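Quick one: the structure is below, questions incoming.
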Amino acid sequence: PLRLGLMASGNGSNLAAIANAIAAGQLNASIAVLIYNQPEARVAQRAEQLGIPAVLLDHRAFPNRELLDAAIIQTLLQAEVDWVIMAGWMRRVTQVLIAAFPQRILNIHPSLLPSFPGLRAVEQALKAGVKISGCTVHIVELAVDSGPIIMQAAVPVWPNDTAPTLQARIQQQEHRIYPQAIALAAQQSDE
Ligand code: GAR
């Protein structure tokens, strides 16, 4: 089984979806550790309920991104993680982390990349007036929301959509594809 290290900042619905897929036998993996950076994040409560060890690394406690990443690496290595799964991790990472897990960090982003990278992707899509949006799982490279695409899912954008309604539709697809994308990325890296 793959040993996953999850990184999250907020709600944690993707963590829950990945844990569900593992419990349902759809993904041969275990979540070895959750790293989160916001003390109040709901993802920490979810991890506790699921029995997943959680480590708070508050970015405000580190003088720069590289030293935060060094602490992240130490935590991931201690947990003997094979794959790093960013599930709503809202901090930019540095080459320090990427070099420690080359081609082994996945991210999910709520748009059809390369459209709408960066923050507030759902709002960006609404503002642009696109009629289709979706989500993307990709391997993490240094530039924000770049790197080889593993899997995408598309959703319609309806005329009366708001950011919350569109985001909910996109997240349903995130929860479906992220466990599949993890399995696919691991399989592709073995070939
Ligand atoms: C997800 O929709 C994910 O695509 C997005 O944060 C949300 C986290 O939801 N990630 C980004 O915007 C990364 N730039 P969750 O905490 O419920 O899993």
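The values are calculated or read from the model by the stated rules, or taken from the named source; none is laboratory data. Remember, it's a predicted structure, so these values are computed and weren't measured experimentally. Positions of Cβ are generated from backbone atoms using ideal geometry, with glycine treated the same way; all protein chains shown enter the neighbour counts. In case anyone asks, the SASA skips ligands and DNA or RNA and just uses the protein heavy atoms, side chains included. Shrake-Rupley method; radii C 1.70, N 1.55, O 1.52, S 1.80 Å.
Quick check on my filter: what residues within region 166-191 are within 18 Å of Gln124 (Cβ to Cβ), aliphatic (A, V, I, L, M) and either touching an Asp or Glu at 6+ places or on another chain (Cβ under 6 Å) or open to solvent by 20 Å² or more (accessible area, probe 1.4 Å) (or both)? Steps first, please.
Within region 166-191, the subset within 18 Å of Gln124 (Cβ to Cβ) is 166-171, 173-174.
Checking the rest, the ones that are also aliphatic (A, V, I, L, M) come to 166, 168, 170.
Ala168 - this is the single residue of region 166-191 that is within 18 Å of Gln124 (Cβ to Cβ), aliphatic (A, V, I, L, M) and either touching an Asp or Glu at 6+ places or on another chain (Cβ under 6 Å) or open to solvent by 20 Å² or more (accessible area, probe 1.4 Å) (or both).
Please note which helices (runs of 4 or more DSSP H) are completely contained in region 75-191 and include at least 3 residues that are touching a residue at least 40 places away in the same chain (Cβ under 8 Å). Before you say what the answer is, go through the steps one by one.
Details: elements: 95-100, 121-128, 163-190.
The qualifying helices (runs of 4 or more DSSP H) are 121-128, 163-190.
If you scan region 86-105, which residues turn out to be over 11 Å from Asn14 (Cβ atoms) and open to solvent by less than 70 Å² (accessible area, probe 1.4 Å)? Show your work before the answer.
Pass one, region 86-105, residues over 11 Å from Asn14 (Cβ atoms): 90-105.
Across region 86-105, the qualifying residues are Val93, Thr94, Val96, Leu97, Ile98, Ala99, Ala100, Phe101, Ile105.
Among the residues of region 25-35, is any outside any helix (DSSP H, G or I), within 15 Å of the ligand (Cβ to nearest atom), among the hydrophobic types (A, V, I, L, M, F, W, C) and more than 16 Å from the chain's Cα centre (by Cα)?
No, the conditions are met nowhere in region 25-35.
Conditions tested, residue by residue: (1) within 11 Å of the ligand (Cβ to nearest atom); (2) open to solvent by less than 10 Å² (accessible area, probe 1.4 Å).
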| position | (1), (2) |
| --- | --- |
| Gln124 | yes, no |
| Cys135 | yes, yes |
| Ile139 | no, no |
| Asp145 | yes, no |
| Pro148 | no, no |
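Every residue in region 36-52 that is outside any loop (DSSP other than H, G, I, E, B) and open to solvent by 60 Å² or more (accessible area, probe 1.4 Å), please.
Within region 36-52, Arg42, Gln45, Glu48, Gln49, Leu50 qualify.
Okay, moving on. Trp83 passes all but one of (1) touching an Asp or Glu at 6+ places or on another chain (Cβ under 9 Å); (2) open to solvent by less than 50 Å² (accessible area, probe 1.4 Å); (3) not acidic (Asp, Glu); which number fails?
Looking at each condition in turn, Trp83 falls short on (1).
To continue, here is another question. What are the residue pairs meeting all of these: first residue in region 6-21, first residue more than 10 Å from the ligand (Cβ to nearest atom), second residue of a type in the set (D, E, K, R) and outside any helix (DSSP H, G or I), Cβ atoms under 9 Å, and 6 or more apart or on different chains?
Matching pairs, first to second residue: Met7/Arg91.
Of these, Ala163, Ala154, which one is more than 13 Å from the ligand (Cβ to nearest atom) and surrounded by fewer than 17 Cβ atoms within 10 Å (Cβ to Cβ)?
Ala154
Among the listed residues Val43, Val84, Val55, which satisfies the condition of being of a type in the set (Val, Ile, Thr), more than 16 Å from the ligand (Cβ to nearest atom) and modelled with pLDDT of 95 or more?
Val55
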